[in-house]
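Peer 1: The structure follows.
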Amino acid sequence: MIPQISRIRANPTGDNELNCNQSNRETGEILPDIGRRKVDTWIYPLVQMGPLGICVDQKVTAGILENLDEGSRLHLASGYFNLTQQYKAIILRSRAKCEILLASPQVNGFYGASGISGYIPDSYTYIAKKFYRAVCRRKLQERIGMHEYYRDGWTFHAKGLWYYLPGQSLPSLSLIGSPNFGHRSVSRDLESQLAILTTNENLQQQLHQEQETLYSRAETVDDKTYEKPDRKVALWAKLVTIIAHNFY
């Protein structure tokens, strides 16, 4: 089944409520008819502005992650990987196979910057290493994979989500927009993205090709990754990251 976003409505308290329905098993239809024309693609605009209490994107993203089917596949890319505690907890307990794409230090937008900004890639290295260790402690390496993007002379700012139903080779759902699925995106910045739900094979092929192209330049993270000399993070940088993690 595919997790569906049927509606987002404002309740009397001003909070937003996410309702996720499921597809029809008997008919196999994901998207309903509208009038006499069958619609094969739905697009939902999402917005996030945590300081103002607007949390639509966070609620939809969490709802999608919570409803992933066993045997399904999720690809998630973030140029600045710092999952919120909520997203991290959901992914760690999910039944879906998750492949996460993040930036290697050399393609981080702050790599080589002068002053304290030049240490920001170290903070993201520390955050990624902590998540990798959490995966290993739970022995989830077969279900959750981490991959680092690298391309000489480039920086990596890609972000997005692609969801593949069990047994399917093409995605049926994708999130496209500005959020990095991290603390800053949820709590501090103005973010917007589109949730695309589709059974249109041509569109599915394009979304799949986008995902494949990004992941084709990535190396799988393993124990040796964090043994490299350039992955040593100074104690003071770790402390700053812990204290100011929701600014990343």
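Peer 1: Which condition breaks for Ser94 when tested against (1) open to solvent by less than 10 Å² (accessible area, probe 1.4 Å); (2) over 18 Å from Lys224 (Cα atoms); (3) among the polar types (S, T, N, Q)?
Peer 2: Only one criterion is unmet by Ser94, namely (1).
Peer 1: Just checking, does region 83-102 include any residue being charged (D, E, K, R), over 14 Å from Met146 (Cβ atoms) and out of contact with any strand residue (DSSP E or B) (no Cβ under 7 Å at 6 or more places or on another chain)?
Peer 2: For region 83-102, residues charged (D, E, K, R), over 14 Å from Met146 (Cβ atoms) and out of contact with any strand residue (DSSP E or B) (no Cβ under 7 Å at 6 or more places or on another chain): present.
Peer 1: Scan region 131-147 and give yes if some residue there is open to solvent by 10 Å² or more (accessible area, probe 1.4 Å), out of contact with any strand residue (DSSP E or B) (no Cβ under 7 Å at 6 or more places or on another chain) and among the aromatic types (Phe, Trp, Tyr), otherwise no.
Peer 2: There is no residue in region 131-147 that is open to solvent by 10 Å² or more (accessible area, probe 1.4 Å), out of contact with any strand residue (DSSP E or B) (no Cβ under 7 Å at 6 or more places or on another chain) and among the aromatic types (Phe, Trp, Tyr).
Peer 1: Please tell me if Leu173 is within 17 Å of the chain's Cα centre (by Cα), modelled with pLDDT of 95 or more and more than 24 Å from Ala128 (Cα to Cα).
Peer 2: So Leu173 fits the description; yes.
Peer 1: From the list Thr84, Thr61, pick out the single residue that is open to solvent by less than 10 Å² (accessible area, probe 1.4 Å), closer than 19 Å to Ser187 by Cα and not hydrophobic (A, V, I, L, M, F, W, C).
Peer 2: Thr61
Peer 1: OK, next. Taking helices (runs of 4 or more DSSP H) that do not extend beyond region 176-248, which have at least 2 residues that are β-branched (Val, Ile, Thr)?
Peer 2: Passing ranges, in order: 235-243.
Peer 1: Write out, first by first residue and then by second, each pair whose Cβ atoms fall under 8 Å of each other, whose residues are 6+ apart or on separate chains, and whose first residue, in region 106-125, is over 22 Å from His147 (Cα atoms) while the second is assigned to a loop (DSSP other than H, G, I, E, B).
Peer 2: Once the first residue is over 22 Å from His147 (Cα atoms) and sits in region 106-125, its partners that are assigned to a loop (DSSP other than H, G, I, E, B) give Ser117/Phe110; Gly118/Phe110; Gly118/Tyr111; Gly118/Gly112.
Peer 1: Would it be correct to say that Pro179 is open to solvent by less than 70 Å² (accessible area, probe 1.4 Å) and either within 30 Å of Val39 (Cα to Cα) or free of Cβ contacts under 8 Å to residues at least 12 places away in the same chain (or both)? Before you say what the answer is, go through the steps one by one.
Peer 2: Values: open to solvent by less than 70 Å² (accessible area, probe 1.4 Å): yes; either within 30 Å of Val39 (Cα to Cα) or free of Cβ contacts under 8 Å to residues at least 12 places away in the same chain (or both): yes.
Yes.
Peer 1: Which condition number does Asn11 fail, the rest of (1) at pLDDT 95 or above; (2) loosely packed, with under 11 Cβ neighbours inside 10 Å being met?
Peer 2: The failed condition is (1).
Peer 1: Could you look through region 110-130, keep only residues that are more than 14 Å from Val221 (Cβ to Cβ) and surrounded by 15 or more Cβ atoms within 10 Å (Cβ to Cβ), and pick out the one that is farthest from the chain's Cα centre (by Cα)? First the steps, then the outcome.
Peer 2: Keep residues of region 110-130 that are more than 14 Å from Val221 (Cβ to Cβ), which gives 110-123.
Subset that is surrounded by 15 or more Cβ atoms within 10 Å (Cβ to Cβ): 110-111, 119-123.
Values: Phe110: 21, Tyr111: 22, Tyr119: 24, Ile120: 20, Pro121: 19, Asp122: 21, Ser123: 19 Å.
Only one residue tops the list, namely Tyr119.
Peer 1: Of all residues in region 89-131, how many are of a type in the set (Phe, Trp, Tyr) and over 17 Å from His157 (Cα atoms)?
Peer 2: Adding up the residues that qualify gives 3.
Peer 1: For residues that are open to solvent by 90 Å² or more (accessible area, probe 1.4 Å) and either over 23 Å from Ile144 (Cβ atoms) or among the aromatic types (Phe, Trp, Tyr) (or both), tally how many sit in region 215-238.
Peer 2: 4
The values are calculated or read from the model by the stated rules, or taken from the named source; none is laboratory data. Since the structure is predicted, the reported quantities are computational estimates derived from the model, not experimental observations. Heads up, the Cβs are rebuilt from the backbone with ideal geometry, glycines too, and the neighbour counts pull from every protein chain shown. SASA here: full protein model, heavy atoms, side chains in, ligands and nucleic acids out. Shrake-Rupley method; radii C 1.70, N 1.55, O 1.52, S 1.80 Å.
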